[in-house]
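Okay, so here's the structure we're looking at.
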Amino acid sequence: MATPAREETDAQAMARVLAAERDAATAVAQARHDAQAQVDTARDAARALVEDSAARIAARQRRHARALTQRLERLQARAGMPSNAARPPDDAALAAAVARVAAQLTGGVPAR
């Protein structure tokens with residue numbers, strides 16, 4: 001049979017081991033929590049980057065579409081076409097528009 005001093009030493013050793021296991025479990029849980037917080041932060045940052053990029057792309061596309069619309073309206077005005085033309089002109093109208101633009105560019109007299 002073990003002596004009381006030996007039993008106390010064994011009990012203290014077991015208590016230390018159990019306390020170390022509890023401390024390790026707590027540290028692992030905290031590390032998991034911290035890692036998840038970092039993942040969440042990185043995911044939020046990536047999402048914000050994607051949303052910002054999408055907004056910039058959409059704004060650029062809107063500016064480009066406006067510029068194209070304005071250019072088309074200028075070209076249509078130079079060609080004598082209404083800016084709200086719903087369908088393309090027929091061949092005769094297109095040929096007349098080309099002749100007017102060519103005349104304007106060359107200083108000639110437009111054919112009608």
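Maximal additional length on extending the Ala31-Glu7 stretch stands at 5.1 nm, based on 0.36 nm per residue less the C-alpha distance.
Under the rule a/c < 1.5 gives rounded, and otherwise a/b versus b/c splits prolate from oblate, where does the chain land using the Cα gyration tensor? Prolate is the answer for the chain, as a/c is 1.5 or above and a/b outweighs b/c. If you take the alpha carbon atoms of segment 1-56 and fit the smallest convex hull around them, that volume is 34 Å³ per residue. Can you give me the relative contact order of the chain as a percent, contacts being Cα pairs under 8 Å and 6 or more apart? Here the relative contact order equals 11 percent.
Within the accessible area of the chain, the carbon and sulfur atoms contribute 60%, probe 1.4 Å, all protein chains present. Summed over qualifying helices (DSSP H, 4 residues or more, each -39500 (n - 2.57)) and divided by its residue number, the chain shows a 222 nm mean residue ellipticity of -30500 deg cm²/dmol. Subtracting the Cα-Cα distance of Ala24 and Val101 from 0.36 nm times their residue separation leaves 19.4 nm of extension gain. Against the chain, whose longest principal axis is taken from its Cα atoms, helix 91-106 shows a tilt of about 90°.
Probing with 1.4 Å while keeping every protein chain in the model, the per residue accessible area of the chain equals 84 Å². Taking all protein chains together, Val50, Val101 sort by accessible area into Val50, Val101, largest first [probe 1.4 Å].
The values are calculated or read from the model by the stated rules, or taken from the named source; none is laboratory data. All of these numbers come straight from a predicted model, not from anything done at the bench. For the accessible areas, the whole protein counts, side chains as well, though only heavy atoms, and no ligand, DNA or RNA atoms are used. Shrake-Rupley method; radii C 1.70, N 1.55, O 1.52, S 1.80 Å.
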